[in-house]
Amino acid sequence: MVNFKDQNGCLVQLAFERKSNVKPEHIWVVCRYQQEWLLTNHKVRGLEFPGGKIEQGETEVEAVHREVWEETGALIEELFDIGHYQVRCTDEIISKAIYFATISAIQKKEDYLETEGPVLISTLPKRIEADPAYSFIMKDQVLKLTLEQLQTKQLLKV
């Protein structure tokens, strides 16, 4: 497990081994489509990977498929459980499951809910933390360490 503070001073606990007693309330999905990163442009936060709250009665995998579809119009080809993290800020604890998805297709939609739809980029910025176009969700060590984990597991096809 890796512990660090995010830009808001909150404690983040990241693990790439899932324990059965961990029940995340949210999911976060790092997506690849045809050798590009598939992000969404959140109307408030900016560019980020798709994700969101697991609805009542929904499994994590169902939430992953729904959130990726709602925010990008993408259909998942392969899905990999990568790990989870918790953010502890004051009395609030947010727990997220991390997934990696390869995308088979992106379909145009009329409404992407709280986002402006899919954004494809070939390379993530080297100093993403300094780029105001990106969401705060992309700016802590979770993304960096998740990308390293994807390389370790040989899930990224270059």
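Nothing in this text is a laboratory measurement; each read-out follows from the coordinates by a stated rule. Note that the structure is predicted; figures quoted are calculated from it, not measured. Note that each Cβ is placed from the backbone with ideal geometry, even for glycine, and that neighbours are counted across all protein chains shown.
Listed from fewest to most Cβ neighbours within 10 Å, the set His42, His84 follows the order His42, His84. Placing +1 on each Lys and Arg Cβ and -1 on each Asp and Glu Cβ, with no other charges, gives the range 1-122 a dipole about its Cα centre of roughly 360 debye. Ordered by the number of other Cβ atoms lying within 10 Å of each residue's own Cβ, fewest first, Trp28, Trp37 fall into the sequence Trp37, Trp28. Here the range 88-140 and the range 13-80 have alpha carbon centers that stand 9 Å from each other. Helix content alone sets the calculated 222 nm mean residue ellipticity of the chain: runs of n ≥ 4 DSSP H residues at -39500 (n - 2.57) each, divided across all residues, give -5000 deg cm²/dmol. Taking only the Cα atoms of the chain, the radius of gyration and Dmax are 14.8, 42 Å. The count of lysine pairs in the chain that are at least 8 places apart or cross chains, and whose C-alpha atoms lie under 18 Å apart, stands at 17.
Residues Val30, Val119 in ascending order of nearby Cβ atoms (within 10 Å, fewest first): Val119, Val30. Peptides 102-112, 72-82 ranked from most to least packed by the mean count of surrounding Cβ atoms within 10 Å: 72-82, 102-112. Only one residue of Gln141, Leu120, Thr102 has its Cα farthest out toward the positive end of the dipole of the range 3-158, where Lys and Arg carry +1 and Asp and Glu -1 on Cβ, and that residue is Gln141. Taking label positions 7 Å along the Cα-Cβ direction at both Ala130 and Val22, the computed distance is 3.2 nm, reported to one decimal.
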